[in-house]
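The values are calculated or read from the model by the stated rules, or taken from the named source; none is laboratory data. Source: prediction; values computed, not measured. A quick note on method: Cβ atoms are made from the backbone with ideal geometry, for glycine too, and the neighbour counts reach across all protein chains shown.
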Amino acid sequence: MIGKLATGIAKYIYTDNNKYNLSFARTQYTLHVLLNFLFVLLFLLVISFFIGNTTSVILCFICFVALRLVSGGAWHFKNDFHCFIFSTLVLILIPLIELYNIDLSFLNVITAVIILYFAPLSKSITRFSKKYWTFKSIALLFIAFNYFVLISPVVTTAFFIQALSLLDITKMRVNYSGGS
């Protein structure tokens, strides 16, 4: 759905208004990402309005997306609809999670360790590039800002879930050798 809409808009921009020599593939991809972002945001706003937690959902959305932009992620869906559903559900549910028995400091430390070890996760950024250390530093600054200034359970949970998305669960193996 989103892909077809992005393709249609990209065709219009590319054929009728290409005075900037834009690449069709890049235009289509950018529109695809922006439309997905906007549809998730729109649905979050509608659902959160009925639930009554719009402020928390917007805060969660902004923080999750900001950290995802600089840290990357290993979880990607092959289908736009699955990505849309998963993103919407996670971002609606995060503000509803009550962290009664979990120390937020501990969760922030775990998040920082995951970010420190795995972020940024990107095919185009290597450990030896300036962007790598810049993105890693920005991600850690986000976590520190929440820890020292915001002190928000919603932001802590959003950051933790985003940090978990850096872990490639398809490659994790438990090595168990049962001996007698």
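Considering THR134, THR111, which residue is buried (at least 21 other Cβ atoms within 10 Å of the Cβ), in a helix (DSSP H, G or I) and either at positive phi or hydroxyl-bearing (Ser, Thr, Tyr) (or both)?
On inspection, the qualifying residue turns out to be THR111.
Does the stretch 14-25 include one or more residues that are in a helix (DSSP H, G or I), more than 24 Å from SER124 (Cβ to Cβ), at pLDDT below 90 and β-branched (Val, Ile, Thr)? Give the derivation first.
Of the stretch 14-25, the ones in a helix (DSSP H, G or I) are 14-16, 24-25.
With more than 24 Å from SER124 (Cβ to Cβ) added as a condition, the list becomes 15-16.
Next, from what is left, pick out any that are at pLDDT below 90: 15-16.
When the remaining residues are screened for being β-branched (Val, Ile, Thr), the result is 15.
Within the stretch 14-25, one or more residues are in a helix (DSSP H, G or I), more than 24 Å from SER124 (Cβ to Cβ), at pLDDT below 90 and β-branched (Val, Ile, Thr).
List the number of the failed condition for THR157; all other conditions in (1) assigned to a loop (DSSP other than H, G, I, E, B); (2) modelled with pLDDT of 90 or more; (3) not basic (Lys, Arg) hold.
(1)
Please determine whether any residue of the stretch 67-78 is touching a helix residue (DSSP H, G or I) at 6+ places or on another chain (Cβ under 6 Å) and over 27 Å from ASN146 (Cα atoms).
Step one: filter the stretch 67-78 for residues touching a helix residue (DSSP H, G or I) at 6+ places or on another chain (Cβ under 6 Å), giving 67-68, 70-71, 77.
From what's left, over 27 Å from ASN146 (Cα atoms): 77.
Yes.
For the stretch 30-53, indicate whether the set of residues that are buried (at least 17 other Cβ atoms within 10 Å of the Cβ), at pLDDT below 90 and not in a helix (DSSP H, G or I) is non-empty.
no
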